[in-house]
Amino acid sequence: MAKFSPRVTLGLGFLTPLLLGLAMPGRVGFWPLLFVAIVPLLHLCLSLPPKRSCLFGFATGFLYHLFLLYWIVIVVGRYGGLPLYLSLGALVLLALYMSCFWGVFCFLLSAFAGRSWNKERSISTLVWLAPVLWVALDYLRSFLFSGFPWMDIGYGLYSQPRLIQAADLGGHHAVSFALLLCNSLVVAIIDRQRSDVRWNIRMERRLLLLACGFLVFIFGYSILRYDIVSSAVSRGLQSKIAVVQGNVDQAEKWTPGKKEQTVATYVRLAEELLAQRDTELVVWPETALPFYLQNDPLASRIAQFVTANNIWLLTGAPAYSITGTHADGRRDVDYFNAAVLIDAGGRLAGQYQKQHLVPFGEYVPFKKYMPFLSPLVVSVGDFTAGHSSEPLVMGKIRMGVLVCFESIFPEIARKSAAAGANLLVNLTNDAWYGRSSAPYQSMAMSVFRAVETKRSLVRAANTGISGFVDPVGNIIKRTELFVPTALASYVTLWDEETIFTRNGYLFGACCLCGIVALLLFGRKRA
């Protein structure tokens with residue numbers, strides 16, 4: 001077992017966040033680094049005792065997430081109005097939370113697969129345990145405290161659709177698992193160069209060969225699946241859809257005097273594409289209409305637009321529902337961040353209500369139990385979560401809708417596909433992120449929703465990135481950031497049910513159950 005000097009140990013600790021930062025979508029996005037980026041951290045876990053491994057895991061995770069999530073400062077500072085010291089504090093707190101998972105990963109990996117207590121421990125234990133642990137903790141983070149599964153490592157391969165088709169087997173977690181397995185096999189190859197290695201350990205050799213075979217299966221399946229589905233998609237039923245990126249200034253969007261100008265912007269951009277009269281559906285972003293269609297005079301302007309152009313419109317807009325009336329005349333009202341479908345006659349044809357709201361952005365958690373938080377509602381908002389994943393129907397088109405960062409939660413898209421959706425539509429407003437890496441990362445995660453369910457995905461964003469993704473993850477068309485644009489494309493309507501849609505979404509849960517079993521029944525170490 002290699003012994004590292006403090007300087008080398010520190011260098012290895014910094015190497016993993018550096019390599020991962022360069023590999024993830026955004027400023028650089030050099031994806032081949034994903035196959036080796038975790039190697040330095042795994043090597044430390046192999047050599048250091050559990051407590052020191054935990055410390056280094058926590059520190060490296062903290063550095064990495066400072067780099068990955070720096071856009072939080074833009075969100076809560078520029079648009080949230082918080083001073084710089086509070087904005088930086090929010091970034092630090094979120095990075096600390098995310099790094100806790102890295103610390104737990106390194107502690108458990110060192111405790112159950114490290115050599116700090118037994119220099120003859122088989123390297124195959126680390127090879128298989130590392131991906132299981134990593135995916136289990138990613139899965140836990142996806143629902144703990146309402147969930148924040150931002151940019152799991154598998155998402156870094158979004159630009160390589162030939163390598164990610166296994167997502168329709170086990171979701172993006174299956175791709176993350178394969179990447180961690182690649183990294184741990186590199187560690188095994190390095191470890192096998194030791195002069196005192198004993199190659200006559202049959203079980204170790206078989207387990208390492210099994211890991212190689214698993215990778216051949218995952219990436220071989222992806223390459224074959226890409227070719228098969230691409231060929232089938234080219235013969236599938238298609239529909240022409242347009243998306244409009246209004247690029248409306250976030251600071252002015254909710255100003256009452258700007259409502260009419262906002263509507264005029266979206267109508268003008270859309271009509272530039274509708275001259276050929278072959279577009280069936282126009283999609284506008286999240287809250288493109290900054291008013292309630294139920295009672296605003298501008299609703300007639302929207303109806304006039306769709307009837308004049310004989311198209312259907314799917315647009316983001318706030319909505320409300322009166323749930324009760326008191327004797328004194330007061331009403332109980334639920335407010336929703338909604339997607340509204342308007343038919344060619346100007347009538348409401350369907351509505352989707354956002355299910356996964358942003359904590360402290362669209363609602364205040366635990367408000368009922370902590371009344372002192374109520375003043376936050378005035379500045380934050382007080383939306384109610386929707387509950388239905390039923391698709392919105394427009395003839396042959398059945399749309400599964402994802403509003404804003406719902407696109408980072410695989411379960412919402414999966415439920416829509418299981419309910420019969422043959423198209424996914426993501427309405428979002430990424431203006432909050434400014435000119436940062438976040439819009440690129442958000443787009444990367446949306447690509448996986450298409451691949452997992454084998455559904456085309458249409459994405460309309462206020463400031464970008466808007467575009468079209470086919471069922472195998474190719475980005476057919478896309479816009480640039482902060483440019484008012486309208487795009488149109490033919491998209492395939494696909495009905496095939498994937499393994500992920502049926503039960504492959506349980507892949508992450510199975511990994512988590514494996515870790516629970518390990519903790520409950522694993523041998524205690526001295």
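The values are calculated or read from the model by the stated rules, or taken from the named source; none is laboratory data. The structure displayed is predicted, hence computed values, not measured ones. No Cβ is skipped: glycine too gets one built from the backbone with ideal geometry, and neighbour counts run over all protein chains shown. Surface accessibility is based on the protein's heavy atoms, side chains included, excluding ligands, DNA and RNA. Shrake-Rupley method; radii C 1.70, N 1.55, O 1.52, S 1.80 Å.
Couple of notes before you dig in:
- Positive-end extreme of charge dipole, the chain - chosen from I123, M399, I241 (charges on Cβ): I123
- Cβ-placed point charges (K, R +1; D, E -1), dipole of the chain about Cα centre in debye, nearest 20: 1960
- Computed on protein heavy atoms with a 1.4 Å probe, the accessible areas place Y363, Y64, Y85 in the order Y85, Y363, Y64, largest first.
- Percent antiparallel among DSSP beta bridges (both partners in the chain, rounded to 5): 65
- Distance from the C-alpha centroid of region 379-422 to that of region 104-149: 33 Å, rounded to the whole angstrom.
- Taking S321, S234 and ordering them by how much accessible surface each has at a 1.4 Å probe, largest first, produces S234, S321.
- In the complete set of protein chains, residue-level accessible area for F58 is approximately 70 Å², probe 1.4 angstrom.
- Of all beta bridges that DSSP places with both ends in region 192-339, some 60 percent have antiparallel geometry.
- Violating pairs (Cα-Cα greater than 29 angstrom) within the set K396/K477; K354/K396; K258/K354; K253/K477; K259/K454; K51/K415: K259/K454; K51/K415
- For E286, solvent-accessible area (1.4 Å; no DNA, RNA or ligand), Å²: 10
- Think of it as helices only: each DSSP H run of n ≥ 4 in the chain is worth -39500 (n - 2.57), and spread over all residues that comes to -14500 deg cm²/dmol at 222 nm.
- Probe 1.4 Å - accessible area at S442, Å² to nearest ten: 10
- What a 1.4 Å probe finds exposed on region 249-369 is 49% carbon and sulfur by accessible area, rounded to a whole percent.
- Protection proxy ranking, highest mean first, for peptides 120-130, 479-489: 120-130, 479-489, where packing is the per-residue count of other beta-carbon atoms within 10 Å, averaged.
- Relative to the dominant Cα principal axis of the chain, helix 259-271 is inclined by about 80°.
- Structure-derived Rg and Dmax of the Cα atoms in Å: which label, when the choices are (i) 22.2, 78; (ii) 21.7, 73; (iii) 24.7, 86: (iii)
- Based on protein heavy atoms only, region 222-292 ends up with 45 Å² per residue of surface accessible to a 1.4 Å probe.
- Accessible heavy-atom area order of F62, F145, highest first, probe of 1.4 Å: F145, F62
- Axis angle, to the nearest 10 degrees, between helix 299-309 and the longest C-alpha principal axis of the chain: 90 degrees.
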